[in-house]
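Here's the structure we're looking at; comments come further down.
The values are calculated or read from the model by the stated rules, or taken from the named source; none is laboratory data. Every value quoted in this text rests on a predicted model; they were computed, and no experiment measured them. Methodologically, a virtual Cβ is constructed for each residue, glycine included, from the backbone with ideal geometry; neighbour enumeration extends over all protein chains shown.
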């Protein structure tokens with residue numbers, strides 16, 4: 001396993017990490033979750049990602065039970081949660097000080113740990129001033145309930161505003177962002193955040209590297225039974241990916257990418273993961289799985305990185321044809 005610095009935090013995370021979104025509590029019970037996480041841990045994964053919203057807390061409960069059962073040394077783990085959607089009550093959502101405090105404490109109980117290494121604001125909250133959220137996150141760190149904090153799906157402007165306010169007031173600033181990033185979703189990571197890597201040392205814990213399974217190639221010939229798109233609760237995702245012109249165009253590109261995959265002997269899932277890993281601004285790629293075999297396949301991507309050289313990346317780029325453009329230079333000279 002390769003370990004990368006998470007921005008300028010000084011913290012090292014495994015280049016491939018493991019997340020529980022979609023699967024834990026829905027497709028995966030505690031016993032299967034144990035086998036999945038142990039497989040990832042044995043492969044060198046140290047970062048395990050979660051959120052209060054995942055199956056309304058059930059995902060955190062399962063992960064907490066797994067960590068206790070495995071008996072892993074706490075200092076060997078980097079655990080995260082994300083706060084925003086905690087329930088149906090009037091103060092169970094958003095990024096108010098009240099919900100951040102109560103949501104964090106509830107998450108820690110479910111995870112059966114005294115602290116999380118990373119705590120993310122799961123989305124921006126237009127109803128709460130960013131300054132209030134910065135103070136609240138700083139307080140969670142002061143209370144020892146989290147070590148670092150970051151954001152998820154925030155804009156570059158929102159991150160910079162939070163960072164500047166924190167620095168001006170001697171508070172802990174956000175040091176990492178968790179954006180969606182894959183071959184079909186590139187703008188934020190490759191363009192919008194470009195200045196933040198240099199200016200504030202932003203780290204990224206990217207999610208959906210396989211584009212909700214589309215980049216595995218398993219939907220090239222229909223929807224396999226038991227897959228994510230086969231679940232009724234994800235019918236919206238099925239329609240977006242497979243029943244729209246944009247979705248069908250992506251599917252065609254996946255079929256073309258499959259030819260590159262076959263040519264170099266790297267399965268499609270690993271090819272998509274390696275493509276993400278080849279971006280130096282990606283700190284860690286969060287993987288997910290519904291069975292142990294998928295975890296094993298994902299982890300093998302590290303062994304195949306060298307097969308996806310510059311020439312292969314150029315072939316992929318030609319197929320994708322979606323590289324974000326460079327900022328316009330309006331100077332005449």
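Of the residues that make up the range 109-117, is at least one touching a residue at least 60 places away in the same chain (Cβ under 8 Å), within 12 Å of residue 50 (Cα to Cα), surrounded by fewer than 23 Cβ atoms within 10 Å (Cβ to Cβ) and in contact with a strand residue (DSSP E or B) (Cβ under 9 Å, 6 or more places away or on another chain)? There is at least one residue in the range 109-117 that is touching a residue at least 60 places away in the same chain (Cβ under 8 Å), within 12 Å of residue 50 (Cα to Cα), surrounded by fewer than 23 Cβ atoms within 10 Å (Cβ to Cβ) and in contact with a strand residue (DSSP E or B) (Cβ under 9 Å, 6 or more places away or on another chain). Taking the range 56-174 as the region of interest, the helices (runs of 4 or more DSSP H) fully inside it that hold 2 or more residues being touching a helix residue (DSSP H, G or I) at 6+ places or on another chain (Cβ under 7 Å), at pLDDT 95 or above and within 30 Å of residue 187 (Cβ to Cβ) are 130-142, 156-168.
In this entry, residue 239 passes the filter for residues that are modelled with pLDDT under 95, out of contact with any strand residue (DSSP E or B) (no Cβ under 8 Å at 6 or more places or on another chain) and farther than 28 Å from residue 280 by Cα. Does the range 121-129 contain at least one residue that is under 30 Å from residue 70 (Cβ atoms), in contact (Cβ under 8 Å) with a residue 12 or more places away in the chain, surrounded by 15 or more Cβ atoms within 10 Å (Cβ to Cβ) and touching a strand residue (DSSP E or B) at 6+ places or on another chain (Cβ under 7 Å)? So far as the range 121-129 goes, yes, one or more of its residues are under 30 Å from residue 70 (Cβ atoms), in contact (Cβ under 8 Å) with a residue 12 or more places away in the chain, surrounded by 15 or more Cβ atoms within 10 Å (Cβ to Cβ) and touching a strand residue (DSSP E or B) at 6+ places or on another chain (Cβ under 7 Å).
Check whether at least one residue in the range 28-49 is part of a loop (DSSP other than H, G, I, E, B), surrounded by fewer than 16 Cβ atoms within 10 Å (Cβ to Cβ), out of contact with any strand residue (DSSP E or B) (no Cβ under 7 Å at 6 or more places or on another chain) and modelled with pLDDT under 95, and report yes or no. Yes, the range 28-49 has at least one match.
Looking only at residues that are under 22 Å from residue 195 (Cβ atoms), within 20 Å of the chain's Cα centre (by Cα) and in contact (Cβ under 8 Å) with a residue 40 or more places away in the chain in the range 279-333, which one is surrounded by the most Cβ atoms within 10 Å (Cβ to Cβ)? The residue in question is 284. Residue count for the range 199-214 under the criterion of being at pLDDT 95 or above and part of a helix (DSSP H, G or I): the result is 1.
Per the listing 89, 57, the residue uniquely more than 19 Å from residue 150 (Cα to Cα) and either under 19 Å from the mean Cα position of the chain (by Cα) or surrounded by 22 or more Cβ atoms within 10 Å (Cβ to Cβ) (or both) is 57. Among residues of the range 65-92 that are on the phi < 0 side of the Ramachandran plot and without any contact (Cβ under 8 Å) to a residue 24 or more places away in the chain, those with a beta-carbon under 7 Å from a residue that is surrounded by fewer than 17 Cβ atoms within 10 Å (Cβ to Cβ) and part of a helix (DSSP H, G or I) at least six positions away or on a different chain give the pairs 91/98.
Just checking, which of 166, 194 is within 29 Å of residue 119 (Cα to Cα) and surrounded by fewer than 18 Cβ atoms within 10 Å (Cβ to Cβ)? The unique qualifying residue is 194.
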